[in-house]
Amino acid sequence: MARLLDADGHKVTILDSDPNSFEKLPVDFKGVALLESATDEEGLEKANIREADAFVAVTREDDKNAMAAQIAKRIFDVPRVICRIYDPLREEFYESLGLEGISPTVVFAKLLKEKLER
Amino acid sequence: MYIILLGGGEVGYYLCRELLDMGHEVLLIEKDAIKCEHFKEELGSVILCGDGCEMAVLTKAGITRADMFVAVTDEDDDNLAATQIAKQKFNVPQVIARINKPKDERIFVKLGIEHTVNAAALILENIKAQTAIFPLVRLLSFKEKGLELFLVKVLGAPLADKRVVELALPSGSEVPLLIRQGGELVVPDLRTILEIGDQFICLIPSEGEAMLKAIVS
């Protein structure tokens, strides 16, 4: 996703607490890679979150995504905040809190169903 | 009372045993299957094996009839997620979260979880209470009521030899009790003068904390 947005000309900053994950970024990545936790206010400040137009939380853990996304939305007032929530029931809950959630479980199930019905 | 505990670490296990001993109905939710087997042998059928941040697991735990939900895993994001769901989705009357990273306490409050227990902060207050170097010890926070209860120690200037009524405490403060060095208990009145070695209880509105700090040091 960072690669796609970067290639489209957006200013991208990517946060991860595992330095190895940055190895997947392409060599011509023009954005910023920060070794910081996204559930940490100081880490987010370093990423200049106050200037961000959008914040996307896509770690493998629902709880981390939900916490980071809520900090971005409620503490830093980022206009657009999207988070990945695998648990479909919990995705509904976070939407009731004003977050935009995407559940890969639901999306994938729908895709499979469409494919089967074709 | 029906109490659901999340997280079968040392804290969760201890709470589970103590609360059971007090006669409460308790359910401990733990992710790790091996730990669960071990707990079941020891504590019986008060263990539910599963991810306590998942709606399905919480429903199975009977969260709709829980009187209290306590999240004590060693991951703050899990504790936040579970307590938010317990409070905001299932309306559990009492919800308490353990804080592992001290700076997360502020975030939890902003995200609607006022009642937290922060071990690092408790240890610090305990050190302050046990030594005669620090004038101010936080005893309790009544976050919902916006009040803080402090113990103030008279170590010398600027408090010593002042009348209690002369202290420029934040408005709405109360000093209900003074403990003299020898252990004598005094309810302060207009004439009460502070002496070195005295300690007094002080209840202040939360927003007056900085003011109290400035007065005592």
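Things to note:
- Pairs where the first residue, in the stretch A:48-70, is at negative phi and within 11 Å of chain B (Cβ to nearest Cβ) and the second is aromatic (Phe, Trp, Tyr) and in a loop (DSSP other than H, G, I, E, B), C-beta under 6 Å, 6+ apart: A:62/A:86
- Residue B:64 passes every criterion in (1) among the hydroxyl-bearing types (Ser, Thr, Tyr); (2) touching a residue at least 24 places away in the same chain (Cβ under 8 Å); (3) within 11 Å of another protein chain (Cβ to nearest Cβ); (4) part of a helix (DSSP H, G or I) apart from (3).
- The requirement of being closer than 30 Å to residue B:94 by Cα and part of a loop (DSSP other than H, G, I, E, B) is fulfilled nowhere in the stretch B:200-212; no residue meets it.
- Restricted to helices (runs of 4 or more DSSP H) entirely inside the stretch B:70-150, those with at least 1 residues that are free of Cβ contacts under 8 Å to residues at least 40 places away in the same chain and within 14 Å of chain A (Cβ to nearest Cβ) are B:76-84, B:104-110.
- Condition met for residue B:11 (in contact with a Gly (Cβ under 6 Å, 6 or more places away or on another chain), more than 14 Å from every other protein chain (Cβ to nearest Cβ), under 30 Å from residue A:42 (Cβ atoms) and surrounded by 16 or more Cβ atoms within 10 Å (Cβ to Cβ)): no
- Counted residues, the stretch B:18-35 - those being over 25 Å from residue B:90 (Cα atoms) and either among the β-branched types (Val, Ile, Thr) or in contact (Cβ under 8 Å) with a residue 24 or more places away in the chain (or both): 2
- Residue match in the stretch A:11-25 (condition: within 13 Å of chain B (Cβ to nearest Cβ) and either outside any strand (DSSP E or B) or within 26 Å of residue B:102 (Cα to Cα) (or both)): yes
Values quoted throughout were computed directly from the atomic coordinates according to the rules given, and no laboratory measurement underlies them. Owing to the predicted nature of the structure, the values given are computational and were not obtained by experimental measurement. When we count neighbours, we look across all protein chains shown, and the Cβ atoms used for this are built from the backbone with ideal geometry, even at glycine.
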